[in-house]
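The values are calculated or read from the model by the stated rules, or taken from the named source; none is laboratory data. Remember, predicted model here, so these are calculated numbers, not experimental data. All Cβ positions, glycine included, derive from the backbone under ideal geometry; neighbour counts span all protein chains shown. With ligands, DNA and RNA removed, areas are computed over all heavy atoms of the protein, side chains included. Shrake-Rupley method; radii C 1.70, N 1.55, O 1.52, S 1.80 Å.
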Amino acid sequence: MFPESNSSKVTAACVAMMIMMMVMTNEAAVVPKHSAKTQKSSDGAAVETVPLQLDTNALAPTRNIRPLENASISPWAYNVSHDDSMFPPILSEARCLLRGCLDSEGLEDLSLESRPIMHQVLLLRRVRSAASAGSGVGHSYHYRLESRLIAVGCTCVRPVIQHQQ
């Protein structure tokens with residue numbers, strides 16, 4: 001395949017490439033260790049705390065899209081809540097405006113029902129650390145991951161009718 005004189009050069013090049021790949025793989029595989037802290041919560045459960053760094057520049061920019069809440073046959077409005085101890089601090093939750101749904105003439109049809117579309121979101125709650133709560137010197141906080149089920153919009157459904165026998 002290769003002339004005899006180039007064979008040793010090819011072998012040397014392959015070995016050098018393999019060594020470089022091994023070195024690069026070992027460097028890439030090294031994961032920085034975080035200083036995880038394990039504490040006991042008030043109910044005795046072990047709680048592991050790890051440092052978290054949020055880069056707000058990495059968040060996706062909001063796009064101007066057509067608002068669906070008024071174009072839907074099951075319109076909704078948003079209730080906006082603000083909590084400085086949460087991330088994100090502002091949370092919008094949908095509230096259905098009608099019991100029924102709009103027909104083609106724009107009149108409410110009560111043979112159909114407006115129902116909220118639920119979505120589970122993850123939030124971070126800022127909590128004062130137990131060590132700093134008792135001492136008056138300095139404040140130390142950590143973030144606790146919470147899950148919340150919120151309405152993100154409304155949809156039109158047929159009602160469930162159970163016939164009695």
*Taking the simple approach of a point 7 Å from Cα along Cα-to-Cβ for both Ser92 and Arg144, what is their distance in nm?*
2.9 nm
_Quick check: with the 1.4 Å probe, what order do Arg125, Arg115, Arg99 take by accessible area, largest first?_
Arg99, Arg115, Arg125
*Calculated FRET efficiency, Met118 and His163, Cβ-Cβ r, R0 22 Å, to nearest 0.05?*
0.20
*asked:* Ordering Arg95, Arg158 by accessible area with a probe of 1.4 Å, largest first, what comes out?
replied: Arg158, Arg95
